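The values are calculated or read from the model by the stated rules, or taken from the named source; none is laboratory data. Bear in mind that the values here come from a model prediction, so they are computed numbers and not experimental data. Cβ: placed from backbone, ideal geometry, glycine included. Neighbour counts: every protein chain shown. Keep in mind that these areas ignore ligands, DNA and RNA; they rest on the heavy atoms of the full protein, side chains included. Shrake-Rupley method; radii C 1.70, N 1.55, O 1.52, S 1.80 Å.
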Amino acid sequence: TGSLLKPFLYAGLIESGYAHPDMLVFDIPTDLTGFIPQNFTRSFSGAVTLKSALTTSLNVPAVRQLSYYGTEKFIYDLHLLGLSRFKNSRRHLGLSIVLGGGEESLLNLTKAYSRLMLKALESPKIANDFPYSSATAYLTLNMLFDVTRPGINKYWKQFANSQQIAWKTGTSYGHKDAWAIGSN
């Protein structure tokens, strides 16, 4: 799953009242009982907003936020989203789950992103057991609209009729898989 689960963690943080998109989080060297997360760039940005941490897919702030939120709560949220493969592995996953430490099917991940979009649109098709409110889904998707596109970003903006897309990438351990899921 790589970083594809980060939006759901941040949605959980927003829903719980712990965070909001403009809150400052820390991207600093971190040791969580022997687990030392690293960013893809192997560098640190210091204090960044939650939104910036998500749109630039920083690993360290995500792991730090998960340590506050709790892996059990996060796995429960994922189960409510239809990501059920994590449920039976909760003892083995730990903080690495938000960086791709667990596996899930592309179909289930796509459904979870779709449900998040529908919830943001206040669709009645979403069951009451959905872990986030419409407001939280809306805030989360608004953060994902600002994810930087690959390559030189200015070229994407030259298309006058291009649609705004909320999306996120995920790269598996060892760079074996690279996924991108989006919605408009």
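S123 meets each of the listed conditions (1) small (G, A, S); (2) in a helix (DSSP H, G or I); (3) at pLDDT 75 or above apart from (2). Among the criteria (1) under 28 Å from N128 (Cα atoms); (2) surrounded by fewer than 20 Cβ atoms within 10 Å (Cβ to Cβ), the one G101 does not fulfil is (1). Inside the range 1-23, residues that are of a type in the set (D, E), loosely packed, with under 15 Cβ neighbours inside 10 Å and in contact (Cβ under 8 Å) with a residue 40 or more places away in the chain make up a count of 0. The residues of the range 134-179 that are over 16 Å from the mean Cα position of the chain (by Cα), among the hydroxyl-bearing types (S, T, Y) and at pLDDT 75 or above amount to a single one, S134. Which residues, counting only those in the range 1-47, are among the charged types (D, E, K, R) and under 20 Å from S172 (Cβ atoms)? Passing the criteria: K6, R42. Across the range 114-131, the qualifying residues are those that are in contact (Cβ under 8 Å) with a residue 12 or more places away in the chain and among the basic types (K, R), and the one among them that is least open to solvent (accessible area, probe 1.4 Å) is K119. For the range 132-140, the condition holds for at least one residue, the condition being that it is in contact with a helix residue (DSSP H, G or I) (Cβ under 6 Å, 6 or more places away or on another chain), closer than 23 Å to D22 by Cα and open to solvent by 60 Å² or more (accessible area, probe 1.4 Å). Looking across the range 59-78 at every residue that is in contact (Cβ under 8 Å) with a residue 60 or more places away in the chain and of a type outside the set (D, E), the one that is surrounded by the most Cβ atoms within 10 Å (Cβ to Cβ) is identified as L78. Would you call T56 in contact with a Pro (Cβ under 8 Å, 6 or more places away or on another chain), surrounded by fewer than 22 Cβ atoms within 10 Å (Cβ to Cβ) and of a type outside the set (D, E, K, R)? Taking the combined requirement at face value, the residue does not satisfy it.
Please determine whether any residue of the range 24-47 is open to solvent by 20 Å² or more (accessible area, probe 1.4 Å), under 17 Å from T140 (Cβ atoms) and modelled with pLDDT of 95 or more. Checked against the condition, which is being open to solvent by 20 Å² or more (accessible area, probe 1.4 Å), under 17 Å from T140 (Cβ atoms) and modelled with pLDDT of 95 or more, the range 24-47 yields no hits at all.
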